[in-house]
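A.B. asks: I'd like to ask some things about the structure below.
The values are calculated or read from the model by the stated rules, or taken from the named source; none is laboratory data. Not measured: the values here are computed from a predicted model. Positions of Cβ are generated from backbone atoms using ideal geometry, with glycine treated the same way; all protein chains shown enter the neighbour counts. Note: accessible area is taken over every heavy atom of the protein model, side chains too, but ligands, DNA and RNA are not part of it. Shrake-Rupley method; radii C 1.70, N 1.55, O 1.52, S 1.80 Å.
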Amino acid sequence: MKRLIIALFILFPLLGLAQNPRMGDEKIEATKIAFFTQKLGLSADEAKIFWPIYNDYQKEQAALRSDRMRSMISFRRVTEIDDLTDAQIQTLIAGDFDYKQRDLNIEKKYYARFKASGLSIKQIGKFYRAQEAFKKELLSHYRGGGGPK
């Protein structure tokens, strides 16, 4: 009975994806919770450890992305390099490196927090895999290929 309830908890958000090709943030979040919980095999106690750390991680990542968008310092956004001075190009490249370094620092910080939390290294490894799998499933869904499986 307990397994049936857990299975329903995981399947209901996923079924909703198939019915609605455009998800709102709340549905995406509910689907992500079910997806990660299932992929990592989190018990209720492990979920209490994992989710607060993950939520902090997501907040820092979102703040970094927001900062990058606000400052618009991105080498990829420049369409015509020939119209820029050498100093401007160097600034853009250095800004891109800075963003990547800050992103890497956040990744390392939360990897350390996950390791110190008491979660197994296998669960942490599954988390990184699940992140990539969820992104692919979400992209597939938005491109019309269905939702997470």
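A.B. asks: Does Q38 satisfy the condition of being of a type in the set (S, T, N, Q) and open to solvent by 50 Å² or more (accessible area, probe 1.4 Å)?
C.D. replies: yes
A.B. asks: While we're looking at this one, here's another question. Within the group K39, K59, K136, which residue is touching a residue at least 60 places away in the same chain (Cβ under 8 Å) and among the basic types (K, R)?
C.D. replies: K39
A.B. asks: Same structure, new question: Quickly run through the stretch 104-136 and pick out the residues that are among the β-branched types (V, I, T) and under 13 Å from the mean Cα position of the chain (by Cα).
C.D. replies: Scanning the stretch 104-136 gives a single hit, I106.
A.B. asks: So, one more: How many of the residues making up the stretch 44-67 are closer than 14 Å to K126 by Cα and surrounded by fewer than 14 Cβ atoms within 10 Å (Cβ to Cβ)?
C.D. replies: Number of matching residues: 0.
A.B. asks: Considering the stretch 26-50 alone, what residues qualify as being within 13 Å of the chain's Cα centre (by Cα) and within 23 Å of D103 (Cα to Cα)?
C.D. replies: I28, E29, K32, I33, F36
A.B. asks: Across the stretch 111-125, which residue is least open to solvent (accessible area, probe 1.4 Å) among those that are assigned to a loop (DSSP other than H, G, I, E, B) and not polar (S, T, N, Q)?
C.D. replies: L119
A.B. asks: Ok, one more. Just give me the residues in the stretch 84-110 being in a helix (DSSP H, G or I) and either over 17 Å from L64 (Cα atoms) or of a type in the set (A, V, I, L, M, F, W, C) (or both), in sequence order.
C.D. replies: D86, A87, Q88, I89, Q90, T91, L92, I93, A94, F97, L104, I106
A.B. asks: Here's something else I'd like to know. For the stretch 5-18, check the following and say yes or no: at least one residue is at pLDDT 75 or above and surrounded by 10 or more Cβ atoms within 10 Å (Cβ to Cβ).
C.D. replies: No; the residues of the stretch 5-18 include none that is at pLDDT 75 or above and surrounded by 10 or more Cβ atoms within 10 Å (Cβ to Cβ).
A.B. asks: Right, K32: among the charged types (D, E, K, R), modelled with pLDDT of 80 or more, assigned to a helix (DSSP H, G or I) and open to solvent by 70 Å² or more (accessible area, probe 1.4 Å) or not?
C.D. replies: No.
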